[in-house]
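Participant: Before anything else, here's the structure in question.
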Amino acid sequence: MLEALVDSLPQLLEGLKFTIGLTILSLILGSLLGILLAVGRSYGKPPLSSFILIYEKVFRGIPLLVIFFLIFFGLSQLGLGLDPITAAVLGLGLRSAAYQAQIYRGAINSIPKGQMTAASSLGMSKLKSIRYIILPQALRLSIPGWSNELTIVLKDTSIAFSIGVIELMRQGRYVYVRNPDLILPVLLLIALIYFILVISASKGLNYLEKKYKMSGFEVGVER
Amino acid sequence: MHMLEVKDVHKSYGNLEVLKGISFTMEKGETKVIIGTSGTGKSTLLYCINQLNPPDKGEVWLDGEEITNPETDINKIRQKIGFVFQEFNLFNHLTALRNVSIGLEKVKGMDKEKAQERAMAELTRVGLKEQVQQYPAQLSGGQKQRVGIARALAMDPMIILFDEPTSALDPELIGDVLDVMKALAGSVAMLVVTHEMGFARNVADEIIFMEGGIIVESGPPKQMFQYPKKPRTKEFLGKISTLYGKE
Amino acid sequence: MDSLPSLLDGLSITLLLTFISLTIGLVIGVALALGRVYGNKIISSVCIGYIEVIRGTPLLVQLFILYFGLPSVGIILTPLSAALLGLSLNSGAYQAEYLRGSIQSIPSGQMIAARTLGMNRLQSIQNIILPQALRISIPAWSNELIYLLKYTSIAYIIQVRELTAEGKFIAADTFRFIEIFVIIAVIYLALTVLLTAIIDKIEKRLSIPGIGAAESIALRNA
């Protein structure tokens, strides 16, 4: 049985590639959109900021599975069929953006008003002040929250199984459907792989956080 | 047999020996005040007595029982030793009344109604009849400390240990707390660590001056204030009376 | 409109999963948090191990192990009981972490004062520490409720007929995915708003001056 399990490893690693790929792409989408949303809500005027508020509430209020179904099956009903991977990245990324926006906004709000005033007094435009003064500080403060979000996205890529993405869980299923004796060992092995990924991701970010810490600039946002 | 006997108590934190052999005794209803500069182990001594921070060496006897013996049921003994904290340590989720009654209910097994009746009586005694339903966060520092005293009293202790009971209070609130303590003198033994020299002079039966982990000198207030034997005692009392004023 | 009755059936399963898992999870969470904070080295490491493993692996993997994996060692669970068990075990680990944060935020003087009254450790924890820690944890707990509500949908993948599953069946029959899933999304959103409001009420009712929620930390997905 051990041998069969070892034989299945290449197949699982193939799935793992997709799990990691999904995670990275979704996080990139989520981070870029999340920063825009946070800046828009902190500095934007009412129609824009209230629209962002609704976006955040909606994407944080409905299950990822429902988001996946809306994007994957819903769009194809409209004739805009996406392949499962694109749908999964979109779903994970759009949802992550809503959560990340909260992290960044908390960080932006925690930066003293004097920073913005000082930037304007140098003659910087509002956009430049945000870009060069506020964001570099806010993003550093966001690392712990972002690290938490990374592990959530990583774990939730498994839900993409339900729309047919051939990630780690589905490759595992292929293995044990062919060899039912392997079902429990394969599932435990998959759990172990996720566990190692989650632990090393959060350890790695912890290290980054320490490395980029500036003195007098301790991280105080909630995880 | 003495009511409380502390015999050669030693206590160290790492390499630092905080108590270097403390011995004294107390009788029923006696009030003793421990004075001395900060960091000389006065609070440590109190925590050594009720075994919250057991001594490394030495014995403590209460009412004929050796409480430093690991065999004794320390939770039983602690019921006989009240404790009043510098930082009050009232239970934040309970009203003043429940702060006083909870020990009676949960430790002494009294029924709830009886316990609350008793708590009411103790709170009235310390002048807080009106505040019984308030939570700690709604009380002033002086009121909190009086609840703390009532909580200790309700357990019918043989002795109450006071760990700088007025140090965390605003000056104008100290008087109320000291008045309550004065009124208690004689009815229950009190061992008080404090910098309030007026209280020490007027209420204490004996003053114990500690420094460097030992008892330098002890005696009745009159003797200590007027004819201290050791030069260190004289120097300390001189300094503290300029700091806190003579009564 | 014809789909309403089956959606309501699904909704009741969703709510059942949410509340039962939350309750069992609370019991597990209290035990784990106490074990982690007050237990000896062995107990505390076991609790930490459990918490880390559960929080370090996807809920879906946990459900698969319970539902598809366990039969191979002779333990056969129905989809619903596998989902209840999995969600409870999972939520227990997260709730343990909120509670631990709350317990550790309680000043040490509270325990000391309880011990000076003659309470033993257990009495002090039960009467003094836990009542405060549980109150402090309410906001985190409210977050956990919303989290669970949403994640019960994953039970669909192990064939529990909860709200999302019922929606999927109807949508597959009628090919009206958008309509059905917008309705389902609205139901989840409404539940989120409603449950948050209810917990806020409970929190206000249980609130005690001076015991803030501010100390609560480690929100799962803030």
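Participant: Take the stretch C:173-189 and flag every residue that is open to solvent by less than 60 Å² (accessible area, probe 1.4 Å), within 25 Å of the chain's Cα centre (by Cα) and among the hydrophobic types (A, V, I, L, M, F, W, C).
Facilitator: C:PHE181, C:ILE184, C:ALA185, C:ILE187, C:LEU189, listed by residue number.
Participant: Show the residue pairs meeting these rules: Cβ distance below 6 Å; 6+ apart or different chains; first residue within the stretch A:77-96 and over 15 Å from A:GLU167 (Cα atoms); second residue of a type in the set (Val, Ile, Thr).
Facilitator: Listed pairs, sorted by first residue: A:GLN77/C:ILE178; A:LEU90/A:ILE71; A:GLY91/A:ILE67; A:GLY91/A:ILE71; A:ARG95/A:ILE67; A:SER96/A:VAL153.
Participant: Please work out if A:ARG131 is touching a residue at least 12 places away in the same chain (Cβ under 8 Å) and more than 14 Å from chain C (Cβ to nearest Cβ).
Facilitator: Judged against the criteria, A:ARG131 is not a match.
Participant: Moving on. Cβ contacts < 9 Å: first residue facing another protein chain (nearest Cβ under 8 Å), restricted to the stretch C:171-183; second residue basic (Lys, Arg) and open to solvent by less than 50 Å² (accessible area, probe 1.4 Å), any location; separation 6+ or different chain. Result?
Facilitator: Short answer, once both residue conditions are applied: C:PHE177/C:LYS168; C:PHE181/C:LYS168.
Participant: Further question: Say we look at the stretch C:155-164 and pick out the residues that are assigned to a helix (DSSP H, G or I) and surrounded by fewer than 23 Cβ atoms within 10 Å (Cβ to Cβ); which of these is nearest to the other protein chains (Cβ to nearest Cβ)?
Facilitator: Among residues in the stretch C:155-164 that are assigned to a helix (DSSP H, G or I) and surrounded by fewer than 23 Cβ atoms within 10 Å (Cβ to Cβ), the one nearest to the other protein chains (Cβ to nearest Cβ) is C:ILE157.
Participant: Mind counting the residues in the stretch C:77-88 that are open to solvent by 10 Å² or more (accessible area, probe 1.4 Å) and within 13 Å of another protein chain (Cβ to nearest Cβ)?
Facilitator: Of the residues in the stretch C:77-88, 0 are open to solvent by 10 Å² or more (accessible area, probe 1.4 Å) and within 13 Å of another protein chain (Cβ to nearest Cβ).
Participant: From C:LEU77, C:LEU70, C:LEU85, which residue is farther than 21 Å from C:ASN143 by Cβ, outside any helix (DSSP H, G or I) and without any contact (Cβ under 8 Å) to a residue 40 or more places away in the chain?
Facilitator: Within the list C:LEU77, C:LEU70, C:LEU85, the selection yields C:LEU77.
Participant: Among the residues of the stretch B:113-168, write down those that are among the small types (Gly, Ala, Ser), out of contact with any Asp or Glu (no Cβ under 8 Å at 6 or more places or on another chain) and at pLDDT 95 or above.
Facilitator: B:ALA119, B:ALA121, B:GLY148, B:ALA152
Participant: Which residue out of C:GLY25, C:GLY10 is under 25 Å from C:PHE181 (Cα atoms), small (Gly, Ala, Ser) and either under 22 Å from the mean Cα position of the chain (by Cα) or modelled with pLDDT of 95 or more (or both)?
Facilitator: C:GLY10
Participant: Further, regarding this structure: So which strands (runs of 3 or more DSSP E) are wholly in the stretch B:153-245 and hold at least 2 residues that are within 14 Å of chain C (Cβ to nearest Cβ)?
Facilitator: Output list reads B:159-163.
Participant: Please state which of the following conditions C:PRO5 fails to meet, knowing it meets all the rest: (1) open to solvent by 40 Å² or more (accessible area, probe 1.4 Å); (2) modelled with pLDDT of 95 or more.
Facilitator: Answer for C:PRO5: the failing condition is (2).
Participant: If you don't mind, another one. Does any residue of the stretch A:137-159 turn out to be open to solvent by 50 Å² or more (accessible area, probe 1.4 Å) and more than 24 Å from C:PRO58 (Cα to Cα)?
Facilitator: yes
Participant: Take the residues of the stretch B:179-205 that are among the charged types (D, E, K, R) and closer than 18 Å to B:VAL126 by Cβ: which is surrounded by the most Cβ atoms within 10 Å (Cβ to Cβ)?
Facilitator: B:GLU196
Participant: If a residue has to be surrounded by fewer than 21 Cβ atoms within 10 Å (Cβ to Cβ), more than 8 Å from every other protein chain (Cβ to nearest Cβ) and under 30 Å from B:ASP156 (Cα atoms) to count, how many in the stretch C:125-149 make the cut?
Facilitator: Number satisfying all stated conditions: 3.
Participant: Residue by residue through the stretch B:113-133, note down the ones that are basic (Lys, Arg) and either closer than 20 Å to C:ALA113 by Cα or surrounded by 16 or more Cβ atoms within 10 Å (Cβ to Cβ) (or both).
Facilitator: Within the stretch B:113-133, B:ARG118, B:ARG125 meet the criteria.
Participant: Something else now. Among residues belonging to the stretch A:59-72 that are touching a residue at least 24 places away in the same chain (Cβ under 8 Å) and either within 7 Å of another protein chain (Cβ to nearest Cβ) or touching a Gly at 6+ places or on another chain (Cβ under 9 Å) (or both), point out the one that is most open to solvent (accessible area, probe 1.4 Å).
Facilitator: Looking at the filtered set, the residue picked out is A:PHE72.
The values are calculated or read from the model by the stated rules, or taken from the named source; none is laboratory data. No experiment lies behind these values; they were computed from the predicted model shown. A quick note on method: Cβ atoms are made from the backbone with ideal geometry, for glycine too, and the neighbour counts reach across all protein chains shown. With ligands, DNA and RNA removed, areas are computed over all heavy atoms of the protein, side chains included. Shrake-Rupley method; radii C 1.70, N 1.55, O 1.52, S 1.80 Å.
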